1. Does the range 1-54 come out rounded, prolate or oblate, given a ≥ b ≥ c as the square roots of the eigenvalues of its C-alpha gyration tensor, rounded meaning a/c under 1.5 and, failing that, prolate meaning a/b above b/c?
2. May I ask for the angle, rounded to the nearest 10°, between helix 89-100 and the longest principal axis of the chain, with both axes built from Cα atoms and the value confined to 0 to 90°?
3. Summing +1 for each Lys or Arg and -1 for each Asp or Glu, what net charge is found among the other residues whose Cβ lies under 11 Å from the Cβ of SER107?
4. On a straight-distance basis, which aspartates and glutamates could pair with LYS4 in a cross-link, Cα separation under 17 angstrom, same-chain partners fewer than 8 positions away excluded?
5. Show me 68-81, 198-211 ranked by packing, highest mean number of other Cβ atoms within 10 Å first.
6. Relative to the compact globular guide of 2.2 N^0.38 Å, what is the alpha carbon radius of gyration of the range 42-125, as a ratio?
7. How much area per residue is accessible in the chain when the probe is 1.4 Å and only protein heavy atoms are counted (Å²)?
8. Where Lys and Arg each count +1 and Asp and Glu each count -1, what net charge lies around PRO137 among other residues with Cβ under 15 Å from its Cβ?
Amino acid sequence: QKAKILDGLNERQREAVEAIDGPVLIIAGPGSGKTRVITHRIAYLVKVVGVAPYRIAAVTFTNKAAKEMKERLHGLLGPSAKYMTASTFHAFCARMLRREGPAIGLSRDFVIYDSADQLAVVRRALRDLDIDDTLLPARLALSLISQAKNQMSDPDGFARTAHSYYDQQVADIYRGYQAELDAANAVDFDDLLLRAHNLLEDHPDVLEKYQDRYRHVLVDEFQDTN
């Protein structure tokens with residue numbers, strides 16, 4: 001099994017595949033085989049080391065990359081590949097929130113708003129606040145809200161750092177936007193990451209459950225993460 005898994009890998013790739021104790025960071029250029037190394041490393045963990053597939057999580061940034069990873073894993077592991085977690089960051093967090101969301105006041109049947117839904121909510125907030133969208137376009141406001149969420153800033157936190165009238169308008173839009181999402185039992189794509197982060201940070205029991213389950217976490221396309 002070991003020889004078969006390592007076959008076709010160069011020396012540095014084999015080194016990365018076999019380095020299973022502690023964290024490993026692989027830095028290499030485009031097309032140099034990083035995804036190949038990750039999938040072979042997973043196969044090595046399962047078939048050589050004896051790690052149960054359900055204890056492994058592999059996450060990546062795009063749906064295309066996740067699909068490619070799953071296909072490669074199926075080719076290497078066969079039917080047992082279905083027992084491991086391989087998905088995008090957002091899909092991983094969405095599944096976690098479906099199970100654990102009530103701990104942070106989020107219903108398990110929440111809906112996920114796409115970009116069109118988000119823009120519609122922002123436009124309603126602009127109208128409610130009587131803000132001219134030629135001066136503050138909805139797409140710009142949504143982009144600023146997304147930036148705030150990626151910096152772990154909720155509406156109140158954003159408002160506290162608003163130093164200009166323009167920033168205060170954005171804060172008001174953000175507050176209205178989030179209130180509508182909450183009332184509709186909805187989240188946006190940024191919320192999937194933010195709320196999953198908050199869940200794990202604020203609930204040690206939930207964190208411990210996932211730490212115990214996933215003994216190996218592999219991240220592809222690491223350069224695309226914030």
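1. prolate
2. 80
3. Working: positive: ARG98, ARG108; negative: ASP109, ASP182.
That works out to 0.
4. Those aspartates and glutamates meeting the cut-off are GLU15, GLU18.
5. Per-residue Cβ counts within 10 Å, averaged per peptide and sorted highest first, yield 68-81, 198-211.
6. 1.42
7. Numbers: 12770 Å² over 226 residues.
Normalised by residue count, the accessible surface of the chain is 57 Å².
8. Combined, the nearby Lys, Arg, Asp and Glu give +2.
The values are calculated or read from the model by the stated rules, or taken from the named source; none is laboratory data. These figures come from a predicted structure and were not determined experimentally. Here Cβ is always computed from backbone atoms with ideal geometry, including for glycine, and neighbour counts include all displayed protein chains. These accessible areas exclude ligands, DNA and RNA; they are computed on the full protein's heavy atoms, side chains included. Shrake-Rupley method; radii C 1.70, N 1.55, O 1.52, S 1.80 Å.
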